[in-house]
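Participant: Let me give you the structure first, and then I'll get to my questions.
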Amino acid sequence: VPAKSKDQTVAQVEIAVSAGCSGVFLTNPDFDYPQLLPIVRHVRGLHPALFLGVSFHAVTGADAFPTLGRLAVEGTKVDAYFAHHAWIDDARDDQPAAGAALRAREQSGWDGLYL
């Protein structure tokens, strides 16, 4: 669900739920990801059992995982995170950017599905 506003996002989530979907992904195509967080909290509050994923546009896992960990601590469960780019560099044997994302995930305490 490409979020544009809280009301629009909730309306689209309700369509998905009423159609029998067991989950949704929310994304922020037109604004910075911190503006998506209140929408994520609101959708989770409305649907505590719904599989809820997020995709923060143009944000690496290294930056997203601490946010997901904070959401979890406050009681807002996010089941999955889809990263558009895992920062794997095929030209290198070592993977410093991917390693940074892994370390951030481990330190965040977030235990959701990472895609």
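Every number in this text was worked out from the coordinates using simple rules, so none of it is lab data. As the structure is a prediction and not an experimental result, all values here were calculated from the model. Using ideal geometry, Cβ is built from the backbone for each residue, glycine included, and neighbour counts are taken over all protein chains shown.
Participant: Taking the 0 to 90 degree range and rounding to the nearest ten, how far is the long axis of helix 61-73 tilted relative to the main principal axis of the chain, both from C-alpha atoms?
Facilitator: That works out to roughly 50 degrees.
Participant: Also: Expressed as a rounded percentage, what relative contact order does the chain have, with Cα pairs under 8 Å and six or more residues apart?
Facilitator: Values: 158 pairs, mean separation 27.4, N = 115.
Reported as a whole number, the value is 24 percent.
Participant: Could I ask something else about it? Arranged from highest to lowest average of other beta-carbon atoms within 10 Å per residue, in what order do the peptides 53-63, 2-12, 85-95, 68-78 appear? Please report the intermediate quantities before stating the final value.
Facilitator: Details: 53-63: 19.2, 2-12: 14.8, 85-95: 9.8, 68-78: 16.6.
Answer by packing, highest mean first, reads 53-63, 68-78, 2-12, 85-95.
Participant: Here's something else I'd like to know. Let me have the 222 nm mean residue ellipticity of the chain computed from DSSP H runs of 4+ only, each contributing -39500 (n - 2.57), with the sum over all residues rounded to the nearest 500. Present the calculation step by step, with values, prior to reporting the outcome.
Facilitator: On the way: 4 runs with 49 residues, N = 115.
For the chain, the value works out to -13500 deg cm²/dmol.
Participant: Where the only charges are on Cβ atoms (+1 Lys, Arg; -1 Asp, Glu), what is the dipole of the chain about its Cα centre, to the nearest 20 debye?
Facilitator: Working: 9 positive and 13 negative charges, 82 e Å.
Here the chain has a charge dipole of around 400 debye.
Participant: Could you point to the label whose value was computed as P(r) over Cα pairs in 10 Å bins from 0, in percent for the structure here, given (i) 12, 35, 28, 16, 7, 2, 0; (ii) 14, 45, 29, 10, 2; (iii) 14, 50, 32, 4?
Facilitator: (ii)
Participant: Then there is this: Taking θ as phi - 60°, what are the ³J(HN,Hα) couplings along segment 27-38 by the Karplus curve (6.51, -1.76, 1.60), each to the nearest whole Hz, with x for Gly and Pro?
Facilitator: Whole-Hz 3J(HN,Hα) from phi for segment 27-38: 9, 10, x, 10, 7, 5, 4, x, 6, 7, 4, x.
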